[in-house]
Amino acid sequence: MYTASAIRHFMRLAGIEEVADQERAEAIWCSICDPDELPVLRRARQMAAGRPVIMGGFEAYFPYPYLAWADYIVMGAAEGFVEAYGRDPRDALALDNVVSRLRPTGEPDYRIRYDRYPLVRMAGGNRYYYMGSRGCHRKCRFCATSWTQPYSRNSDRAIRAAVRQVERQPRGKLTLIGNDSRNLISSPAVAAQSVTVEDYLRDPERYRSRMLHFGIEGWTEEERRRLGKPIPDDHLRELLRVTKRLRQRCELFYIVFPDWGEERLAHLYDLLPWDVELAPQIYLKMTYFDACPHTPLADQAISPVYCDTQGMFYRLNARCKRIRIFPTRSMARSAWRTCLHRATSEEAERLGVQPTDVNRPESFDLFRARLRQLGLEPLLSRHVDWSGIHVSTS
């Protein structure tokens, strides 16, 4: 919702008209921020009826498969493209950050004008969103965010002004969009925030939002170091102690890698405190490994090991009653995401829609059998040359 509001804001500044009657449109614009949103792009292709489909969003950093449905893909920040399109669409489509089947190379636009981003109120209440930062100052080996765009952030002055405006609204809640908390303003109006364990433990009182998100990812100290997230076990133990003392709910994210096994769960079990209290809750979110383009782990083969999240809950909750576990995307659905990113445009069309199954032991084997029938099984281990997309991290 924020993306759509921001694009409409940039369009108004550029003098571009959005038409409700799609028959009047000269082009169809579509922002795709996650593979889950592929159906939106497919619908845009159907609506286009010969008119150009122009795609942006985070997935534009991986444009090749999406050229099955988009005529042009805009990589990086949208402000410059929208401004140029308002003057002359032909000039905009010729920019260096626009790729197509005829021009499959390019360089994302990293010029971010934070002063132009709006504070957006969502429909149906006093929930607000505001752009806090782009990219990430860390370099986790599995995460495309920091390997596709340099880290930058909005000014503290602008953030404080947004917080003050939301604080004046009855029951106003503000979510700062970003991947860290370096410019977080402490306020009851600030909603859930992502923060590193290190930053949180340095000044826990600063982070007083209703829910805190921590990307732990690796199950042991050694695994976290390999992933570029060197979080000691002692810091995790301290995190659980401090959140208990301050009565703060938190969500911990973990990745289930192909070599995941019982010893990883046993390690987490030993880290948890013995606790019979139900609050504050500790939510765990497991995700099967998804090899993202442009990252050091982009070429890793996909062959996940089943993670029984229900059994995990029974075991961990027996030791710590604060534990809750969110549902997990199935192995097939996670593998589909990797396959989509590794596919050519022709293969992406053959790959089809995302599986709809739930997390069960046979999920991946059924998906692999489907890939074999389609002649797409090599996608599970393929190397893709992304050198034509000149991403930058600094």
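When THR243, THR196 are checked against the criterion of being β-branched (Val, Ile, Thr), under 30 Å from TYR2 (Cβ atoms) and touching a strand residue (DSSP E or B) at 6+ places or on another chain (Cβ under 7 Å), THR243 stands alone in meeting it. Quick check on the range 223-237. Is at least one of its residues without any contact (Cβ under 8 Å) to a residue 60 or more places away in the chain, crowded, with 20+ Cβ neighbours inside 10 Å and not in a helix (DSSP H, G or I)? Yes: one or more hits.
Filtering the range 340-394 to residues that are of a type in the set (Gly, Ala, Ser) and in a loop (DSSP other than H, G, I, E, B) leaves ALA343, GLY352, GLY375, SER381, SER387, GLY388, SER392, SER394. Suppose the filter is under 21 Å from the mean Cα position of the chain (by Cα) and surrounded by fewer than 21 Cβ atoms within 10 Å (Cβ to Cβ); does VAL74 pass it? Judged against the criteria, VAL74 is not a match. If you check PRO273, PRO304 for being surrounded by fewer than 14 Cβ atoms within 10 Å (Cβ to Cβ) and not small (Gly, Ala, Ser), only one passes: PRO273.
Among the residues of the range 112-153, those identified as buried (at least 17 other Cβ atoms within 10 Å of the Cβ), at negative phi and small (Gly, Ala, Ser) are GLY132, SER133, ALA144, SER146.
Is there a residue in the range 319-332 that is surrounded by 20 or more Cβ atoms within 10 Å (Cβ to Cβ), in a strand (DSSP E or B) and not charged (D, E, K, R)? Yes, there is a match, as at least one residue in the range 319-332 is surrounded by 20 or more Cβ atoms within 10 Å (Cβ to Cβ), in a strand (DSSP E or B) and not charged (D, E, K, R).
Just so you know, all these numbers are worked out from the coordinates, no wet-lab data involved. Worth saying up front: this structure is predicted, and the values here are computed from it rather than measured. Heads up, the Cβs are rebuilt from the backbone with ideal geometry, glycines too, and the neighbour counts pull from every protein chain shown.
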